[in-house]
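Enquirer: Have a look at the structure that comes next, please.
The values are calculated or read from the model by the stated rules, or taken from the named source; none is laboratory data. All of these numbers come straight from a predicted model, not from anything done at the bench. Every residue, glycine among them, receives a Cβ derived from its backbone with ideal geometry; neighbour counts consider all protein chains shown.
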Amino acid sequence: MKKKSIWQTVRTNIRNKLLAGVLVLIPLVITYFFLKAFIGFFDNIVNPLLEPYLGFHIPGLGLIVSLFAIYFLGLFITNILGRSLLSLLEKWLNYIPLVRTVYQTSKQIASAFTATQTGFERVVFVEYPRTNAWTIAFVTGQSKGKDGTEFTHLFLPTTPNPTSGWALIVPEEDVIPSEMTVEQGLKALISGGAVFPPVTNLRQHSQK
């Protein structure tokens, strides 16, 4: 019995250490391949244009040039002339039905993942898909019915891919406020709930 107990302890220890190693290795491998694909994407665009003049290939040059280009684009867009041209471009795109939908959707998703300009106002909870089960939702707007009822517009994203989901309009009274920031809400979704801040107000609501 003692030998069996020692073997079980050793086996459990080995399993735990292997699991800990895998948990560290997986995000590192994913990050490596993401960066490799990201840098390679820009290299494949920029290097063919510059190699005839340089005479040799510089790994990562495409990313550096692209970052500078994106920076100067942002610099241009933040001044009066740039904003005016962007507004004019968006006005033209709005005349094309399919392009308008794709552009507006992409813009809202991109805005939702930026810290300085978010398409989501705040994070809330809604009771879904059953009683005493709550889902993270992002507030996208408010409206008022003819009878004076206040409604909240929500986006319920899927996990771990928060770029897809459902759009809901629910009475304001059915929305449970959250103490989470938009960034914390997105992290909770992408991690599948593994990274989740305390939700004291939700526990208080469940006790009512």
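Enquirer: If residue 56 passes every condition in (1) exposed (fewer than 10 other Cβ atoms within 10 Å of the Cβ); (2) assigned to a helix (DSSP H, G or I); (3) modelled with pLDDT under 80; (4) not β-branched (Val, Ile, Thr) but one, which one does it miss?
Expert: Evaluating residue 56 over (1) exposed (fewer than 10 other Cβ atoms within 10 Å of the Cβ); (2) assigned to a helix (DSSP H, G or I); (3) modelled with pLDDT under 80; (4) not β-branched (Val, Ile, Thr) leaves (2) as the failure.
Enquirer: A further question on this structure: Yes or no: region 175-188 includes at least one residue that is buried (at least 16 other Cβ atoms within 10 Å of the Cβ), assigned to a strand (DSSP E or B) and modelled with pLDDT of 85 or more.
Expert: yes
Enquirer: So residue 81 ticks every box in (1) in contact (Cβ under 8 Å) with a residue 24 or more places away in the chain; (2) loosely packed, with under 11 Cβ neighbours inside 10 Å but one. Which box is left unticked?
Expert: (1)
Enquirer: Within region 118-133, restricting attention to residues that are modelled with pLDDT under 85 and over 13 Å from the mean Cα position of the chain (by Cα), which residue is nearest to residue 194 (Cα to Cα)?
Expert: Step one: list which residues in region 118-133 are modelled with pLDDT under 85, which gives 118-121, 128-133.
Subsequent filtering for residues that are over 13 Å from the mean Cα position of the chain (by Cα) retains 121, 128-133.
Details: 121: 23, 128: 19, 129: 20, 130: 21, 131: 22, 132: 20, 133: 17 Å.
Ranking the candidates gives 133 first.
Enquirer: Condition first: of a type outside the set (S, T, N, Q) and exposed (fewer than 13 other Cβ atoms within 10 Å of the Cβ). Now tell me which residues in region 142-168 satisfy that.
Expert: Residues of region 142-168 that are of a type outside the set (S, T, N, Q), as a first pass: 144-148, 150-151, 153-157, 160, 162, 165-168.
Of everything in region 142-168, those that are of a type outside the set (S, T, N, Q) and exposed (fewer than 13 other Cβ atoms within 10 Å of the Cβ) turn out to be 144, 145, 146, 147, 148, 150, 160, 166, 167.
Enquirer: Taking the residues in region 125-136 that are part of a strand (DSSP E or B) and in contact with a helix residue (DSSP H, G or I) (Cβ under 9 Å, 6 or more places away or on another chain) as candidates, determine which candidate is surrounded by the most Cβ atoms within 10 Å (Cβ to Cβ). I'd like the intermediate steps shown before the answer.
Expert: Going residue by residue through region 125-136, those that are part of a strand (DSSP E or B) are 125-127, 134-136.
From what is left, the residues that are in contact with a helix residue (DSSP H, G or I) (Cβ under 9 Å, 6 or more places away or on another chain) are 125-127, 134, 136.
Numbers: 125: 21, 126: 18, 127: 16, 134: 16, 136: 25.
Going through the qualifying residues, I end up with 136.
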